[in-house]
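Asker: Below are the structure tokens for one structure; questions will follow.
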Amino acid sequence: MNLNAYLDVAPEVKAAIDAGKPVVALESTIISHGMPYPQNVETALSVEKIIRDNCAVPATTAIIHGRLKAGLSKDEIEYLGKTGQGVTKVSRRDIPMIVSKEMDGASTVATTMIIAAMAGIRIFATGGIGGVHRGAQKTFDISADLEELAMTPVTVVCAGAKAILDLPLTLEYLETKGVPVLGYQTEELPAFYTRKSGLSVDYRVDSPKELAKAIHVKSELGLQGGILVTNPIPEEFSMDTDVINKAIDQAIAESVEQGIHGKETTPFLLARVKEITGGDSLDSNIQLVYNNAKIAAQTAVELSSLR
Ligand code: PSU
Ligand code: MN
């Protein structure tokens, strides 16, 4: 295990890593900025339970009082959820300042990958990743999550990307950066709230075992960077394409009108889409995270037998 002076790995997580047992990392920006309280805390705790039920140890990440954390207490999760947007959203560029100022921060996908890699955790489950925003040709708004996938060796299981992003450009970016984009039991890139985007993934994998083998081989080959696994939302929880796309278009129009930019863009769009759909999108969001947690845990179990 990589010892780091700024990193605290929770005892249960450390014991599992040291013994080569399955561990799944989880992010915390989804708790503070991705969902409202109290559903965010309920979801975060349920996700941890699903990972345990599937025989892996959960490691929710954050920065607490300047310490990088792999594994949070219930109280810490409750605190992040309750404080919500009052907690700093921490992507790669924010880490040095939040640590040196001994502040608290919620980890984005990028920061969770960094903490996971430091701790020796190879797989991470979330809802959606950041990507190339619509209009990025002008705004240059491309999430640091994509760069992280290009350089840090952690597999991210998500439900595709929300159509708040430009999905074709996001795929182009990942191709340029050499990031494999896999579909879990699908050839089509899922679009978060819906199972279909009309775009193809690079490869399909059909089981946790097959996925674990790909992760293992990539690591053995010494290829840098992560793998993006896109796992479609279960049919029964998916949303109507027109309803969700209209909500997204309206949210984007409002963000442009109000001059929302930078790190505020994604949280603003997530919150507005939820409000416009009257909470329906939140239910879908929660269910797809559960579904991703299950696949990530099962894959972590398979990975632990491949050492
Ligand atoms: N997309 C979602 N839900 C989320 C996020 C993105 O559907 O909660 C969060 C994740 O933490 C992700 C971050 O890493 O937003 C990306 O923010 P940005 O676009 O500012 O990089
Ligand atoms: Mn951005």
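The values are calculated or read from the model by the stated rules, or taken from the named source; none is laboratory data. Here the structure is a predicted model, which is why all the values come from computation and not from measurement. Please note: Cβ atoms are built from the backbone with ideal geometry, for glycine as well, and neighbour counts cover all protein chains shown.
Asker: Helices (runs of 4 or more DSSP H) wholly in the range 78-174 with at least 2 residues that are within 12 Å of ligand 1 (Cβ to nearest atom) - which ones?
Answerer: Details: elements: 95-100, 109-119, 136-139, 144-151.
Per the criteria, 109-119, 136-139, 144-151.
Asker: Report, by residue number, each residue of the range 220-238 that is touching a residue at least 24 places away in the same chain (Cβ under 8 Å) and either of a type in the set (D, E, K, R) or in a loop (DSSP other than H, G, I, E, B) (or both).
Answerer: Residues of the range 220-238 that are touching a residue at least 24 places away in the same chain (Cβ under 8 Å), as a first pass: 223-235, 237-238.
Selection gives 223, 224, 225, 226, 231, 232, 233, 234, 235, 238.
Asker: Please indicate, with yes or no, whether at least one residue in the range 274-281 is touching a residue at least 40 places away in the same chain (Cβ under 8 Å) and either within 13 Å of ligand 1 (Cβ to nearest atom) or crowded, with 21+ Cβ neighbours inside 10 Å (or both). Spell out the reasoning first.
Answerer: Just the residues of the range 274-281 that are touching a residue at least 40 places away in the same chain (Cβ under 8 Å), to begin with: 274, 280-281.
Of the ones still in play, those that are also either within 13 Å of ligand 1 (Cβ to nearest atom) or crowded, with 21+ Cβ neighbours inside 10 Å (or both) are 274, 281.
There is at least one residue in the range 274-281 that is touching a residue at least 40 places away in the same chain (Cβ under 8 Å) and either within 13 Å of ligand 1 (Cβ to nearest atom) or crowded, with 21+ Cβ neighbours inside 10 Å (or both).
Asker: Check off (1) more than 16 Å from ligand 2 (Cβ to nearest atom); (2) under 26 Å from residue 178 (Cβ atoms) for residue 253 and give me the number that stays unchecked.
Answerer: (2) is the only condition that residue 253 fails.
Asker: Examine the range 72-91 for a residue that is away from ligand 2 (no atom under 16 Å from the Cβ), among the basic types (Lys, Arg), touching a residue at least 40 places away in the same chain (Cβ under 8 Å) and surrounded by fewer than 18 Cβ atoms within 10 Å (Cβ to Cβ), and state whether such a residue exists. Talk me through it step by step, then tell me what you get.
Answerer: The initial filter retains those residues of the range 72-91 that are away from ligand 2 (no atom under 16 Å from the Cβ), namely 72-84, 86-87.
If we keep only those that are among the basic types (Lys, Arg) too, we end up with 74, 82.
So of that shortlist, the ones also touching a residue at least 40 places away in the same chain (Cβ under 8 Å) come out as 82.
Those left that are additionally surrounded by fewer than 18 Cβ atoms within 10 Å (Cβ to Cβ): 82.
There is at least one residue in the range 72-91 that is away from ligand 2 (no atom under 16 Å from the Cβ), among the basic types (Lys, Arg), touching a residue at least 40 places away in the same chain (Cβ under 8 Å) and surrounded by fewer than 18 Cβ atoms within 10 Å (Cβ to Cβ).
Asker: Any residue at all in the range 50-68 that's without any contact (Cβ under 8 Å) to a residue 24 or more places away in the chain, part of a loop (DSSP other than H, G, I, E, B) and either surrounded by 21 or more Cβ atoms within 10 Å (Cβ to Cβ) or over 20 Å from the mean Cα position of the chain (by Cα) (or both)?
Answerer: Within the range 50-68 (the criterion being without any contact (Cβ under 8 Å) to a residue 24 or more places away in the chain, part of a loop (DSSP other than H, G, I, E, B) and either surrounded by 21 or more Cβ atoms within 10 Å (Cβ to Cβ) or over 20 Å from the mean Cα position of the chain (by Cα) (or both)), the answer is no, since none of the residues qualifies.
Asker: Regarding the range 4-24, can at least one residue be identified that is among the polar types (S, T, N, Q), more than 20 Å from the chain's Cα centre (by Cα) and surrounded by fewer than 19 Cβ atoms within 10 Å (Cβ to Cβ)?
Answerer: Taking the range 4-24 as the starting set, the residues that turn out to be among the polar types (S, T, N, Q) are 4.
Right, trim to more than 20 Å from the chain's Cα centre (by Cα) and you get 4.
Checking which are surrounded by fewer than 19 Cβ atoms within 10 Å (Cβ to Cβ) leaves us with 4.
Yes, the range 4-24 has at least one match.
Asker: Let me ask something else. Regarding residue 189, is this residue buried (at least 22 other Cβ atoms within 10 Å of the Cβ), of a type in the set (A, V, I, L, M) and under 25 Å from residue 106 (Cα atoms)? Break it down stepwise before answering.
Answerer: Values: buried (at least 22 other Cβ atoms within 10 Å of the Cβ): yes; of a type in the set (A, V, I, L, M): yes; under 25 Å from residue 106 (Cα atoms): no.
In short, no.
Asker: Still on this model: Considering the range 196-211 alone, what residues qualify as being within 20 Å of residue 293 (Cα to Cα) and of a type in the set (Gly, Ala, Ser)?
Answerer: Passing the criteria: only 207.
Asker: Over 24 Å from residue 220 (Cβ atoms), within 16 Å of ligand 2 (Cβ to nearest atom) and at pLDDT 95 or above: does that describe residue 142?
Answerer: On the way: over 24 Å from residue 220 (Cβ atoms): yes; within 16 Å of ligand 2 (Cβ to nearest atom): yes; at pLDDT 95 or above: yes.
Considered against the rule, which asks whether it is over 24 Å from residue 220 (Cβ atoms), within 16 Å of ligand 2 (Cβ to nearest atom) and at pLDDT 95 or above, residue 142 comes out as yes.
Asker: Can you tell me which residues in the range 101-134 are more than 28 Å from residue 56 (Cα to Cα) and touching a residue at least 60 places away in the same chain (Cβ under 8 Å)? Spell out the reasoning first.
Answerer: Step one: filter the range 101-134 for residues more than 28 Å from residue 56 (Cα to Cα), giving 101-103, 131-134.
Answer for the range 101-134, where residues must be more than 28 Å from residue 56 (Cα to Cα) and touching a residue at least 60 places away in the same chain (Cβ under 8 Å): 133, 134.
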